[in-house]
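J.: Submitted below is the structure of interest, expressed as structure tokens.
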Amino acid sequence: MDNLMGIHLWIAALGSLLLLVASAFISGSEIAFFSLTPQDRQSLEEAEDGASKMVFDLLNTPDAERGARQLLATILVLNNTVNIVIILLSTALMQHWLVALPPIIGTALHVFGVTFLIVLFGEVLPKVYANRHPLTLARRMVRVLTWSKGILRPIWQPLNAMAGWLAPSAGPTVDLSVEDLEHAVNVTDSAERSEEENRILSGIVNFGSKDVKQIMRPRTDVTTFSHDLPWSELKAAISDSGFSRVPIHADGLDQVKGILYAKDLLPHRNATDFDWNTLLRQPFFVPENRMIDDLLRDFQSMKVHLAVVVDEYGGTSGIVTLEDVIEEIVGDISDEFDDEDVLYSRIDEHTVVFQGKTALVDVYRILELDGAAFETAKGESDTLGGFLVEQLARLPKPGESVTFEGIRLVTEAADRRRVLQVKVIMNEGPARKPGHGGQPLRPGGTGAAVALLVTALAFCSGCSSPPPVPRPAGYYRIAVHDTTFESVALSCPLTLDMASAATMETVQEFAPDSCWFNIVYPRYKARIHCTYGGGVALEPVMEDAFKLAYEHEIKADAIEVRKREYEQGGVAITWRIAGNAASPLQFLCTDGEDQFLRGALYFEVRPNGDSLAPVTSRLNADVEHLMANLNWW
């Protein structure tokens with residue numbers, strides 16, 4: 001009898017061990033099935049083997065939601081049943097094996113020993129393994145769980161129904177962070193999606209992380225009118241502006257009185273006199289730090305399309321429109337009235353020139369940068385020019401540079417108040433010492449050497465034959481003129497030193513009252529078209545000069561900008577454009593107050609950078625002399 005009892009005890013012990021192994025597989029299968037990623041589920045659906053198809057069917061039968069709930073109920077019922085049987089068997093074993101020990105010690109060993117075994121070998125270790133190898137364990141356990149689901153249906157089905165009564169479904173309440181959304185986009189990245197679709201998805205992911213200050217139009221670029229503007233002038237100004245909504249101010253832009261809608265003026269367009277201030281609509285003010293997703297809801301609820309952005313002191317920082325918000329998702333939206341402003345020029349694959357007012361978010365997009373490091377270090381700035389000022393803690397001079405995260409930012413142009421243009425050089429090594437002055441022209445560096453060679457050849461060949469006209473590429477025999485100059489007084493308040501080889505040609509047919517003139521070089525069939533202006537604001541003139549120069553960047557190999565300041569005030573800027581651009585040389589001089597002189601070199605032959613390089617180099621020297629000896633009256 002004792003032998004029979006001993007055999008039964010050993011059978012119970014062996015059964016407990018087998019059940020502990022079963023508990024481990026069942027506990028691990030819970031993690032294995034419910035930690036499958038969308039990519040894992042897609043691979044299961046596309047797999048050809050039977051185990052993978054069974055795993056996919058088990059999770060999605062009758063549908064994804066109910067299939068997951070039924071599988072979870074099956075696993076819980078099965079796992080708890082096995083654990084209960086283990087505890088019952090271990091209790092019977094301990095009553096016979098620990099009978100010699102005091103009851104308290106025997107009970108403690110029984111409780112803590114069995115609990116330790118079940119938790120360690122039946123829960124923790126299998127779930128750690130399942131988390132690392134979910135697909136492997138899911139395929140191994142799918143048949144057992146499929147049979148168990150059918151056998152245990154009378155148990156788990158009422159439990160599922162009871163859970164539904166106690167906690168009725170309230171719909172999906174998923175709280176996703178930006179990181180979760182970004183991870184979801186990356187996980188589901190598909191080659192079937194176009195680049196535009198991927199860009200829109202990325203815009204949606206980053207939509208909630210931007211504030212109004214990052215996308216607004218700054219106050220310096222806002223078109224606005226005074227509330228006391230006469231009716232006749234207002235109609236013309238609204239028509240010229242091309243905007244459908246314009247802020248109206250009282251005593252400056254910091255005191256916006258209302259928003260004028262162009263459509264409200266249409267019924268009164270034929271009136272000779274009209275108090276148009278009665279048409280003003282209440283302005284909507286938003287702080288700079290308002291998130292654009294909240295602003296979009298504000299626009300929807302208030303049924304407005306424009307908001308005035310204010311800073312912490314109540315001053316106007318700029319304006320933001322519904323179009324600006326939507327463009328953060330779908331990209332630029334242009335209509336027939338939008339100006340195609342050139343915000344950047346790509347010199348080569350590593351070098352891009354931006355306007356200083358370009359928003360940092362646009363710089364990230366154009367250069368395909370992550371931007372996280374810039375956002376951390378940008379401080380209060382939201383434009384590329386502002387970021388450069390933040391890094392230097394002062395207004396930079398032309399030519400000064402900063403290297404940040406391996407990207408070199410060079411100040412191409414700046415005035416006394418802001419940075420106008422910034423050159424961004426990617427994959428730059430250690431930064432050079434900041435300074436100002438000229439920088440070497442990259443692709444056209446052999447121009448000076450060729451000019452010297454051509455001059456020597458021309459000197460040796462004599463002067464008996466007439467000088468040739470520039471030829472196509474490869475023809476380098478060009479006799480350049482001597483470096484002598486003569487002072488020329490113009491009808492405008494200006495005196496300049498002109499090369500003796502050139503002649504002055506006034507231009508009156510287009511604007512009789514203006515001061516337009518050409519410096520003509522008959523030897524090279526070249527003209528420098530010059531324009532003088534006085535009593536004007538210089539900032540728009542300077543911006544327009546930069547824009548005109550960079551319109552040639554499509555055919556240019558490189559664009560070198562040089563800037564120096566006059567001792568008496570004002571600046572002199574030259575653009576040397578290498579390649580087959582229509583104008584290889586442009587310049588702008590100002591007196592620092594309200595006068596300027598602009599010029600652009602053009603040839604009356606087909607532009608060719610190789611053939612014209614010696615002539616362009618010589619004419620550039622003439623222009624440098626002209627700018628250095630310019631006298632304003």
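J.: Measuring from label point to label point, each 7 Å out along Cα→Cβ, what is the Glu65 to Gln157 span in nm?
T.: Once both label points are built, they end up 2.1 nm from each other.
J.: Mind checking which lysines have their C-alpha under 18 Å from Lys53, skipping anything on the same chain fewer than 8 residues away?
T.: Lys53 reaches Lys149.
J.: Something else about it: Expressed in nm to one decimal, what extension gain is obtained for the pair Thr223 and Glu593 from 0.36 nm per residue of sequence separation less their Cα-Cα distance? Working shown, then result.
T.: Numbers: separation 370, 0.36 × 370 = 133.20 nm, distance 2.35 nm.
Residue separation times 0.36 nm, minus the Cα-Cα distance, leaves 130.8 nm.
J.: Further, regarding this structure: Counting other Cβ atoms within 10 Å of each Cβ, which GluC sites (Glu not before Pro) in segment 342-402 have at most 16 and sit in a DSSP loop?
T.: Listed in order of number, the matching sites are Glu349, Glu368, Glu380.
J.: Also, I was wondering about something else. If each residue of separation counts as 0.36 nm, what is the full-extension length gain between Arg132 and Thr506 once their alpha-carbon separation is subtracted? Each step should come with its number before you reach the end.
T.: On the way: separation 374, 0.36 × 374 = 134.64 nm, distance 8.27 nm.
Here the answer is 126.4 nm.
J.: On to the next question. Could you let me know the centre-to-centre spacing of segment 236-282 and segment 573-589, using Cα atoms, in angstrom?
T.: 42
J.: Output ³J(HN,Hα) for segment 131-138: one whole-Hz value per residue in order, computed from phi by the Karplus curve 6.51 cos²θ - 1.76 cosθ + 1.60 with θ = phi - 60°, and x for Gly and Pro.
T.: Each residue of segment 131-138 in turn: 5, 8, 10, x, 5, 4, 5, 5 Hz.
J.: Let me ask something else about it. Step through the residues of segment 144-160 one at a time and calculate ³J(HN,Hα) from phi using the Karplus curve (6.51 cos²θ - 1.76 cosθ + 1.60, θ = phi - 60°), rounding each to whole Hz and writing x for Gly and Pro.
T.: 4, 6, 5, 5, 5, 4, x, 5, 8, 4, x, 9, 6, 5, x, 5, 4
J.: I've got another one for you. Mind scanning Lys257/Lys357; Lys213/Lys423; Lys213/Lys263; Lys235/Lys378; Lys257/Lys547; Lys213/Lys303 and naming the pairs with a C-alpha gap bigger than 30 Å? Before the final figure, lay out each step's value.
T.: Details: Lys257/Lys357 27 Å; Lys213/Lys423 23 Å; Lys213/Lys263 28 Å; Lys235/Lys378 42 Å; Lys257/Lys547 34 Å; Lys213/Lys303 21 Å.
Too far apart for the 30 Å limit: Lys235/Lys378; Lys257/Lys547.
J.: Please list the non-local residues whose amide H lies under 5 Å from the amide H of Asp254, H modeled 1.01 Å from N, same-chain partners needing a gap of 5 or more.
T.: Amide H neighbours of Asp254: Thr316.
J.: I would also like to ask the following. Full-extension gain between Asp49 and Thr484, please, as 0.36 nm times their residue separation minus the C-alpha to C-alpha distance. Write out the running numbers ahead of the final one.
T.: Numbers: separation 435, 0.36 × 435 = 156.60 nm, distance 8.91 nm.
Difference between extended and current length: 147.7 nm.
J.: A follow-up question, please. Starting from the 7 Å offset along Cα-to-Cβ, what nm value, one decimal, do you get for the label separation of Ser35 and Met426?
T.: The two pseudo-label positions are separated by 3.8 nm.
J.: Turning to a different aspect of this structure: Hey, what do the phi angles of segment 67-80 turn into as Karplus ³J(HN,Hα) couplings, whole Hz, using 6.51/-1.76/1.60 and θ = phi - 60°, x for Gly and Pro?
T.: Values, residue by residue: x, 5, 5, 5, 5, 5, 5, 4, 5, 5, 5, 5, 5, 5 Hz.
J.: Still on this model: Which trypsin sites (Lys or Arg not before Pro) in segment 248-314 pass both tests, a DSSP loop state and at most 12 other beta-carbon atoms within 10 Å?
T.: Values: sites: Lys257, Lys263, Arg269, Arg281, Arg290, Arg297, Lys303; in loops: Arg269, Arg290, Lys303.
For trypsin sites (Lys or Arg not before Pro) across segment 248-314 that sit outside H, G, I, E and B with at most 12 neighbouring Cβ atoms in 10 Å, the list reads Arg269, Lys303.
J.: Distance in nm between label sites at Leu76 and Arg269, each 7 Å beyond Cα in the beta-carbon direction?
T.: With each label placed 7 Å out from Cα toward Cβ, I get 7.0 nm.
Each value in this text was obtained by applying a stated rule to the coordinates, not by laboratory testing. Note that this is a predicted model, so its numbers are computed, not measured. Neighbour counts are summed over all protein chains in view; Cβ atoms, including those assigned to glycine, are modelled from backbone coordinates with ideal geometry.
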